[in-house]
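The values are calculated or read from the model by the stated rules, or taken from the named source; none is laboratory data. These numbers were taken from a predicted model, which means no experiment stands behind them. We place every Cβ from the backbone using ideal geometry, glycine too, and count neighbours over all the protein chains shown. These area figures cover heavy atoms from the full protein model, side chains too; ligands, DNA and RNA do not enter into them. Shrake-Rupley method; radii C 1.70, N 1.55, O 1.52, S 1.80 Å.
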Amino acid sequence: MKSHAKAVVVGGGVVGCSVLYHLARAGWADVILIERSELTSGSSWHAAGGFHTLNGDPNVAKLQAYTVQLYKELEELSGQSCSLHLTGGIMMADTPERMDFLRLAHAKGRYLGMDTELITPSEAKAMFPLMDETNFVGAMWDPVEGHLDPSGTTHAYAKAAQKLGAEIVLRNRVLELTQDPDGTWNVVTEKGTVKAEHVVNCGGLWAREVGRMVGVELPLLAMEHMYLLTEPMKEVEEFNRSTGREMVGVLDFKGEIYTRQERNGILLGTYEKACKPWSPVNTPWDFGHELLVPDLDRIAPSLEVGFKHFPGIEKAGIKQIINGPFTFAPDGNPLVGPVQGLTNFWCACAVMAGFSQGGGVGLALSNWMVEGDPGFDVWGMDVARFGEWATLRYTNAKVRENYSRRFSIRFPNEELPAARPAQTTPLYDTMVAQNAVMGDSWGLETPLWFAPRGTEPRDVVSYHRSNDFEHVGNEVRATRERVGVTEIANFAKYEVAGPGAEAFLNRLMTNRMPKKGRIVLTPMLNEFGKLIGDFTIANTTGRTGEERFMIWGSSAAQKYHMRWFEKHLPRDGSVRIHRFDQTLVGLSIAGPKSQALLQKLVDEDVSTSAFRFMDFREMAVAGAPCLVNRITYTGDLGYEIWMQPAYQRLVYSAVKEAGEEFGIVDFGMRALLSMRLEKNFPTWFRELRPIYGPFEGSMDRFVRLEKNDFIGREAAAREKAEGPKLRRVSLIVDAADADVMGDEPIWAKVGDRDFGTVEKPHGYGAPRFDATGEEVRSSAAASGASGVRGITDGEWRVVGWVTSGGYAHYVRKSLAQGYVPAALAENESEGLFEIEILGQRRAARINTEPLFDPAGEKMRS
Ligand SMILES: Cc1cc2nc3c(=O)[nH]c(=O)nc-3n(C[C@H](O)[C@H](O)[C@H](O)COP(=O)(O)OP(=O)(O)OC[C@H]3O[C@@H](n4cnc5c(N)ncnc54)[C@H](O)[C@@H]3O)c2cc1C
């Protein structure tokens, strides 16, 4: 084993081997993988080997598509067979709701270039004759599914990596990880120490333990998982003989089972409701190539449904039951990327579907390590998406919930209950007493809407408009016409201070920094000129004269943004950054009476000329020291008031009391989001993501190319000069009783008109390579997908996709935001667009001006 390396990968499961291969392919030959035992000694060896491309997050789906496409090339490079069986697969819907879910997945697949098809139960039966098709209402066919040999595939990655110069050291446990003052890692192993610039945690079942070596508690947990193998079956052999084909894979949501052909029998696995964590606190180091004791009772309810749906399988004898552990993060997606607070410590763990995702994870992580950027929109699997609240017990509760719901529908208005409430503000009890329906916002309980007294505060989950519709509407109307108050503790808040604060922010942000006492809105870009943040910044410099700025942003991106801020912080200590989390909470008051209301609570003049739109001021509100911004996300006259938690109850009751004469109402997040729609305001993670440039995102007025050099400026200038290919637009949709949720295709009646490349961007920036080392330019090429071009229906063509939307209650219209080719973005013609909602195409029309207060007079009044 060498004593020095550019990078050490800890763990030789499928993920570690993929990371090693991708690093070597990207040009880092000086890399070592260190494995405690033999390759595949964690969960990889006993996997069922299934792979598929579908994922709730389209960006993760794209990386899965890349993984599947890689295998053939990997076999050629390594000379090692992966035993690929590209059979295709079907997902069976047993209810109309489940069919809606499949319609949505199919619609998303359209612009991702996936070739799925909705089929009838009889068509499904023809591909998998062991089923009783009368149990189902429909199905979706996906040709890019199949299975492979897990061990062969892991070794194929390993051999290909070795051919490119990487080293693999077996039977050598990593015992300790320490870091020298210059940042060099000491990887202390049973066979000596390796000094490395980078360490990657691919510890799989032991990833928690490897994390703990550097003081990090990663939110992942292993669960027991069972599948059974039948004896050979005559029906299977007969099908193979008569059709010349293998049976397809089948996913049965109702039974919580997946099944497919394995040799001349059947493999059937379950995600049972009564699921069981394995080694909830510590994973034993002596756990090796062994299986857990099967527990048929636990999976009996799933098997019962399964045998009813697939009577052909029930008759077969069971040859073997496999029970093995594998790891999950709380939301079931991997944990990938650099760990905030550490330098050059990376992770690629909690990969629950290593054979669908391993390739994409390896590609994104190697890009990130070698080029400084993943090159893809990897938010869905970024390790930074969980906060400090994702502790061992939180993770345990959420992983169990996620596992037991793996095949359940998650409705767009559905809040999941496990591990809640966790964080609460001082107003939590008050909100609950006022019949608030609470939601989880990055671990914080936040009011979504208020149910009328005497009714149960709960959502009826649905893809359609639901029981909150009327009440959210009332909250919106009362706010727009009088005044409303809502909690905004769930925003991210940071303070940046020190002599270098302004220069630091000017280097990071696209807009000019505000003068003392003023506020600006500003996007933040990466080096490739793509949107990685969107903030409100106030210059809060006080009497001492030390530069001070408050920053507000998206709560879910707090670790993601802190990681970026820390990476760019000057090393000379001239800038300090502090993340407040819940040590600063807030209230927003909005509506035409909000100024009169605030005036009753303060001793200074807050009239329009004294406290202008986009002003910031420190002032006592109801006697409590507060920071006040004259700005609201509702687009009304309004204020954000920030205070220490100890003052929140005081300020809230004063607001309510003083607001009584104006008819004040409480409103929740749903009303806030409805109001922002009628102002065409974008949201971070929906409209604004790292796959879009600032001009594509229609953020033009917040980008000051002339101000000074800032990160991403050159690329942004190029985007402006060349003209953005896409534009974010707002559309009025002729919806019925369901509004858009996001990710629906946008159709346009454009005949053969050419808009250049309009495929949904996924990759960007960092160069990416296919398995032969060729650079690939588009994500669609990387996944073998064709993008949205080519999806046609007569004169209609899919030209874009929805990012978010819903019902705008004040203007009483169903609205959507999304991206379309720039050439169409100003075209307000009737009959030009249609948006596919739950499989039905509905007429839509672009509205370039906000429907509420287009001139912005109300917020300035
Ligand atoms: C029953 C079952 C069925 C499954 N079916 C499928 C399926 O059909 N499709 C699919 O895609 N996935 C399936 N999976 C999941 C799949 O197995 C995992 O996604 C995958 O194995 C994860 O790989 P990994 O490399 O992250 O982890 P692991 O395979 O656990 O590998 C981690 C490696 O790190 C090594 N290691 C850990 N700590 C150290 C240390 N300190 N020093 C040195 N080495 C260390 C371990 O020895 C181990 O070899 C299944 C899993 C099970 C249990």
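If I ask for residues that are open to solvent by 10 Å² or more (accessible area, probe 1.4 Å) and under 19 Å from the mean Cα position of the chain (by Cα), which ones from segment 533-554 would you list?
Correct list: ASP534, GLY553, SER554.
Can you tell me which residues in segment 333-351 are under 30 Å from GLU262 (Cα atoms) and modelled with pLDDT of 95 or more?
The first filter runs over segment 333-351 and keeps only residues under 30 Å from GLU262 (Cα atoms), leaving 333-334, 348-351.
Hits for segment 333-351 are PRO334, ALA348, CYS349, ALA350, VAL351.
Test each condition in (1) more than 27 Å from the chain's Cα centre (by Cα); (2) over 20 Å from LYS254 (Cα atoms); (3) among the aliphatic types (A, V, I, L, M) for MET127 and report the one that comes out false.
Among (1) more than 27 Å from the chain's Cα centre (by Cα); (2) over 20 Å from LYS254 (Cα atoms); (3) among the aliphatic types (A, V, I, L, M), the lone unmet condition for MET127 is (2).
Can you work out which of the residues in segment 795-825 that are open to solvent by 10 Å² or more (accessible area, probe 1.4 Å) and without any contact (Cβ under 8 Å) to a residue 60 or more places away in the chain is nearest to ASP853 (Cα to Cα)?
Here the residue is ARG812.
Condition first: away from the ligand (no atom under 14 Å from the Cβ), of a type outside the set (A, V, I, L, M) and buried (at least 20 other Cβ atoms within 10 Å of the Cβ). Can you find one or more residues in segment 220-229 that meet it? Let's see the steps before the verdict.
To start, the set of residues in segment 220-229 that are away from the ligand (no atom under 14 Å from the Cβ) comprises none.
For segment 220-229, residues away from the ligand (no atom under 14 Å from the Cβ), of a type outside the set (A, V, I, L, M) and buried (at least 20 other Cβ atoms within 10 Å of the Cβ): absent.
Out of segment 659-673, which residues are over 18 Å from TYR428 (Cα atoms) and assigned to a helix (DSSP H, G or I)?
Within segment 659-673, GLY659, GLU660, GLU661, PHE662, ALA671, LEU672, LEU673 qualify.
Mind telling me which of the residues GLU209, GLU246, GLU197 ends up being under 29 Å from ILE90 (Cβ atoms), open to solvent by 10 Å² or more (accessible area, probe 1.4 Å) and among the acidic types (Asp, Glu)? Full working, then the answer.
On the way: GLU209 fails: under 29 Å from ILE90 (Cβ atoms); GLU197 fails: under 29 Å from ILE90 (Cβ atoms).
Going through GLU209, GLU246, GLU197 in turn, just one is under 29 Å from ILE90 (Cβ atoms), open to solvent by 10 Å² or more (accessible area, probe 1.4 Å) and among the acidic types (Asp, Glu): GLU246.
Which of the following residues is at pLDDT 95 or above, farther than 24 Å from LYS515 by Cα, crowded, with 21+ Cβ neighbours inside 10 Å and of a type in the set (Ser, Thr, Tyr): SER588, SER594?
Values: SER588 fails: farther than 24 Å from LYS515 by Cα.
Within the list SER588, SER594, the selection yields SER594.
Does segment 157-178 include one or more residues that are modelled with pLDDT of 95 or more, part of a strand (DSSP E or B), open to solvent by less than 20 Å² (accessible area, probe 1.4 Å) and in contact with a helix residue (DSSP H, G or I) (Cβ under 9 Å, 6 or more places away or on another chain)?
For segment 157-178, residues modelled with pLDDT of 95 or more, part of a strand (DSSP E or B), open to solvent by less than 20 Å² (accessible area, probe 1.4 Å) and in contact with a helix residue (DSSP H, G or I) (Cβ under 9 Å, 6 or more places away or on another chain): present.
Residue-wise test of (1) crowded, with 22+ Cβ neighbours inside 10 Å; (2) within 21 Å of GLY203 (Cβ to Cβ); (3) polar (S, T, N, Q).
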position	(1), (2), (3)
PRO294	no, no, no
PRO301	no, no, no
LYS308	no, no, no
ILE321	no, no, no
GLY332	no, yes, no
VAL336	yes, yes, no
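What's the total number of residues in segment 2-38 that are among the hydrophobic types (A, V, I, L, M, F, W, C) and either within 11 Å of the ligand (Cβ to nearest atom) or within 12 Å of VAL169 (Cβ to Cβ) (or both)? Steps first, answer last, please.
Going residue by residue through segment 2-38, those that are among the hydrophobic types (A, V, I, L, M, F, W, C) are 5, 7-10, 14-15, 17, 19-20, 23-24, 26, 28-29, 31-34.
Add one more test, that the residue is either within 11 Å of the ligand (Cβ to nearest atom) or within 12 Å of VAL169 (Cβ to Cβ) (or both), and what stays is 5, 8-10, 14-15, 17, 19-20, 31-34.
Adding up the residues that qualify gives 13.
Mind counting the residues in segment 70-85 that are modelled with pLDDT under 90 and within 15 Å of the ligand (Cβ to nearest atom)?
0
State yes or no: is THR430 crowded, with 18+ Cβ neighbours inside 10 Å, under 27 Å from LEU218 (Cα atoms) and modelled with pLDDT of 95 or more? Outline the logic, then answer.
On the way: crowded, with 18+ Cβ neighbours inside 10 Å: yes; under 27 Å from LEU218 (Cα atoms): no; modelled with pLDDT of 95 or more: yes.
The answer is no for THR430.
Which of the residues spanning segment 236-256 are free of Cβ contacts under 8 Å to residues at least 24 places away in the same chain and closer than 12 Å to LEU130 by Cβ?
GLU238
Hey, does segment 432-441 have a residue that's farther than 20 Å from LEU673 by Cβ and away from the ligand (no atom under 16 Å from the Cβ)?
Checking segment 432-441: at least one residue is farther than 20 Å from LEU673 by Cβ and away from the ligand (no atom under 16 Å from the Cβ).
For segment 39-57, which residues satisfy the criterion of being more than 7 Å from the ligand (Cβ to nearest atom) and open to solvent by less than 10 Å² (accessible area, probe 1.4 Å)?
Within segment 39-57, just THR53 meets the criteria.
Could you run through segment 195-219 and say how many residues are more than 7 Å from the ligand (Cβ to nearest atom) and part of a loop (DSSP other than H, G, I, E, B)?
Qualifying residue count for the region: 7.
Among the residues of segment 711-730, which ones are outside any helix (DSSP H, G or I) and either open to solvent by 30 Å² or more (accessible area, probe 1.4 Å) or not hydrophobic (A, V, I, L, M, F, W, C) (or both)?
The answer is GLY712, GLY723, PRO724, LYS725, ARG727, ARG728, SER730.
Would you pick out the residues in segment 701-710 that are charged (D, E, K, R) and either open to solvent by less than 50 Å² (accessible area, probe 1.4 Å) or out of contact with any helix residue (DSSP H, G or I) (no Cβ under 8 Å at 6 or more places or on another chain) (or both)?
Step one: of segment 701-710, the residues charged (D, E, K, R) are 701, 704, 706-707, 709.
Selection gives ARG701, ARG704, GLU706, LYS707.
Return yes or no: is ILE837 surrounded by 19 or more Cβ atoms within 10 Å (Cβ to Cβ) and either in contact (Cβ under 8 Å) with a residue 40 or more places away in the chain or on the phi < 0 side of the Ramachandran plot (or both)? Step through it out loud before you land on a result.
On the way: surrounded by 19 or more Cβ atoms within 10 Å (Cβ to Cβ): yes; either in contact (Cβ under 8 Å) with a residue 40 or more places away in the chain or on the phi < 0 side of the Ramachandran plot (or both): yes.
Yes, satisfied.
For a quick check of your reading of the model, give me the residue pairs whose first member lies in segment 102-118 and is open to solvent by 50 Å² or more (accessible area, probe 1.4 Å), whose second is at pLDDT below 80, with beta-carbon atoms closer than 6 Å and at least 6 apart or on different chains.
ARG110/ILE791
Within segment 631-645, is even one residue within 28 Å of LYS516 (Cβ to Cβ) and surrounded by fewer than 17 Cβ atoms within 10 Å (Cβ to Cβ)?
Yes: one or more hits.
Tell me yes or no: at least one residue of segment 136-150 is in a helix (DSSP H, G or I) and either open to solvent by 20 Å² or more (accessible area, probe 1.4 Å) or within 16 Å of the ligand (Cβ to nearest atom) (or both).
The answer is yes, given that some residue of segment 136-150 is in a helix (DSSP H, G or I) and either open to solvent by 20 Å² or more (accessible area, probe 1.4 Å) or within 16 Å of the ligand (Cβ to nearest atom) (or both).
What tally of residues in segment 449-471 results from selecting those that are among the aliphatic types (A, V, I, L, M) and under 26 Å from the mean Cα position of the chain (by Cα)?
2
Restricting to segment 435-487, name every residue that is open to solvent by less than 50 Å² (accessible area, probe 1.4 Å), touching a Phe, Trp or Tyr at 6+ places or on another chain (Cβ under 9 Å) and assigned to a loop (DSSP other than H, G, I, E, B).
Across segment 435-487, the qualifying residues are ASN435, TRP442, GLY443, ASP459, SER462, TYR463, SER466, ASP468, VAL483.
Restricting to segment 249-273, and then to whatever is small (Gly, Ala, Ser) and touching a His at 6+ places or on another chain (Cβ under 8 Å), can you tell me which residue is surrounded by the most Cβ atoms within 10 Å (Cβ to Cβ)?
It comes out as GLY255.
Filter segment 274-288 for residues that are among the polar types (S, T, N, Q), at negative phi and surrounded by 12 or more Cβ atoms within 10 Å (Cβ to Cβ) and give the result.
THR283
Quick one: PRO284 ticks every box in (1) within 32 Å of the chain's Cα centre (by Cα); (2) touching a residue at least 12 places away in the same chain (Cβ under 8 Å) except a single one, so which number is it?
With (1) within 32 Å of the chain's Cα centre (by Cα); (2) touching a residue at least 12 places away in the same chain (Cβ under 8 Å) applied to PRO284, the lone miss is (2).
So, in segment 363-373, exactly how many residues are assigned to a helix (DSSP H, G or I), away from the ligand (no atom under 16 Å from the Cβ) and of a type in the set (Gly, Ala, Ser)?
Step one: filter segment 363-373 for residues assigned to a helix (DSSP H, G or I), giving 363-371.
Next, from what is left, pick out any that are away from the ligand (no atom under 16 Å from the Cβ): 367-371.
Now drop any that are not of a type in the set (Gly, Ala, Ser), which leaves none.
Of the residues in that region, 0 qualify.
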